[in-house]
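Heads up: the structure comes next, in structure tokens.
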Amino acid sequence: MILLVCAAELITAQTQPTRFDILRGAYGADRANNDLLYYHLDIRVDPAKKYISGKNTIRFKMLQDANRIQLDLHKALNIDKILLGTAELKYSRDEGAVFVDFPDTLRTGRTYSVDFYYSGNPVEVGRFGGMAFHKDPQGRPWIYTACEGTGASLWWPNKDQWRDEVESMKISISIPEDLVDVSNGRFMGKTVLGDGYTRWDWLVQYPINNYDVSLNIGKYVHYADRLNDLPLDFYALPEDLDKAKTQFAQARGMLEAYQHYFGEYPFRKDGYKLIEVPYSGMEHQSAVTYGNHFANGYLNRDWTKVGISPRFDFIIIHESAHEWFGNAVTAADQSDMWIHEAWATYLESLYVEFRWGKEDAIKYLNGYKSKLHNRYPIVQERGINREPRDDDQYFKGALFLNTLRSVVGDDRKWFELIRGYYQHFKYKNILTEDVIAYFNEHSGMNLTPIFNEYLRHAALPKLELKAESGKLSYRWQAEEPGFAMPIRIGTRIITPTANWQTTDKEFQVPTDLYLIEVVKE
Ligand SMILES: [Zn+2]
């Protein structure tokens, strides 16, 4: 995801979590008793009535004996029936939660499948629209979903949380026959239904988080390309095809850069798709959406204001980075969303480094300093449907990773570490503690106080300097106990602590390599 509204709008008030938030955010017993295996979402979309109807088949394995599971569906949508085989199940609704009751105990280790039928008019909400029934500039239907934050249960029933993912998914979207649907995964074909509708079938062959599941319905035209054996598919409105062919060519260089640092594109069997949409963009797995006006920078602006952003299309580079961080490596709770956003932002700089070298990458990243707030810790409270409170998870998070690179102090080792980290957690859902444990183990350093200082406290660490009679004294003022981040100055390394140390050699702190505040007395 990227942000296109001013940061002030994004600051969620630090209010007590509502009943809705607790039901959505908690991984309670009725969620934890099962493990998702598979969804088949099969719906019909009526553009004229802004109406959807159909079912989601939900297959799961029981981890404990139980008679009840928790699913989610937005209150605006009706539940038509929930079936186990042919037997209709009882359920109760509470805010966005749907508790499904089974007459016979579901047994540990066994696999079950329910068909959840629903219908209604989904509401258009949230930062990107949730599910939006728009028209393109020519007045034709242009319908899309983008529901990160709000949650996928805004438009379809599922186990709507970040901890558990299905292993694979089929998506069948029936629409009027003159339109095209592009969803996630591999296109399996379309079937003319004989009543003016056509069903488009897509198969996702990897784990997928709920908010990535998407439909994009419009008068799309399609063209295809390949990068070695990876299928690349591009979709644009007919009048934008030429512009798309020019701009979307950047996808190749993006893939080459990220594959260089992290390894093979994670969803090879599903291919890589880029789809024109009317909003800025979203990282929908293997079906990245694009609304950056076929121009470089971000919405035609120099995004980090240091002259580097205009060299590439910010949306292609940022949203596609999420295929590695966000979609392949996924946070297990929204509280830890920096695992998506700090990394995707950092990957922008790796793209710059791959194309134009390290100096430009560092310059690009430091351009983000103007966007920092340092008001709230990046990692938020877990289990209450709460994401980080502002965009520090992006820019401060990326500058923190750049700082970590300087602490590791050896680029070869750094690139090994981040590639290993990605490979280790690929297709897994993790928390900040998992990231820290990996970096500690594989760097041979105790990086915990450094991670904590940047992620669990609001303020930046301050390096206090005091010059007195030809000597220089220095110490850290930081919130995390035991914070003693070493600073490399040329060939020297100083290791300030909370206590004053004195040296007789002057030094200049390289603040483009370390995100710190330097305070001179
Ligand atoms: Zn993002």
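The values are calculated or read from the model by the stated rules, or taken from the named source; none is laboratory data. Given the structure is predicted, the values throughout are model-derived calculations rather than measurements. Heads up, the Cβs are rebuilt from the backbone with ideal geometry, glycines too, and the neighbour counts pull from every protein chain shown. To get the accessible areas, we keep the full protein, side chains included, count just its heavy atoms, and leave off ligands, DNA and RNA. Shrake-Rupley method; radii C 1.70, N 1.55, O 1.52, S 1.80 Å.
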- line: Exception for K245 within (1) part of a strand (DSSP E or B); (2) open to solvent by 20 Å² or more (accessible area, probe 1.4 Å) falls at (1)
field: Test: residue in the range 444-453 that is within 16 Å of the ligand (Cβ to nearest atom), open to solvent by less than 10 Å² (accessible area, probe 1.4 Å) and part of a helix (DSSP H, G or I)
entry: no
- line: Matching residues in the range 309-346 (charged (D, E, K, R) and within 12 Å of the ligand (Cβ to nearest atom)) number 3
- line: Selection from the range 479-521 of residues in contact (Cβ under 8 Å) with a residue 24 or more places away in the chain and in a strand (DSSP E or B) yields I487, R488, I493, Q501, T502, T503, E517, V518, V519, K520
message: Would you confirm, using the coordinates I've provided, whether R44 is farther than 22 Å from S168 by Cβ, of a type in the set (D, E, K, R), touching a Lys or Arg at 6+ places or on another chain (Cβ under 9 Å) and buried (at least 16 other Cβ atoms within 10 Å of the Cβ)?
response: yes
- prompt: Of all residues in the range 170-220, which are in contact (Cβ under 8 Å) with a residue 24 or more places away in the chain and among the aliphatic types (A, V, I, L, M)?
  reply: I171, I173, I175, L179, V180, V182, L203, V204, I208, V213, L215, I217
query: What number goes with the only condition from (1) away from the ligand (no atom under 16 Å from the Cβ); (2) closer than 16 Å to I316 by Cα; (3) in contact (Cβ under 8 Å) with a residue 60 or more places away in the chain that V352 does not pass?
result: (3)
statement: Checked Y265, Y258, Y290, Y279 against criteria (within 16 Å of the ligand (Cβ to nearest atom) and surrounded by fewer than 24 Cβ atoms within 10 Å (Cβ to Cβ)); the one match is Y279
Matching residues, the range 355-378, being more than 16 Å from the ligand (Cβ to nearest atom), out of contact with any His (no Cβ under 6 Å at 6 or more places or on another chain) and in a loop (DSSP other than H, G, I, E, B): G357, L372, H373, N374, R375, Y376
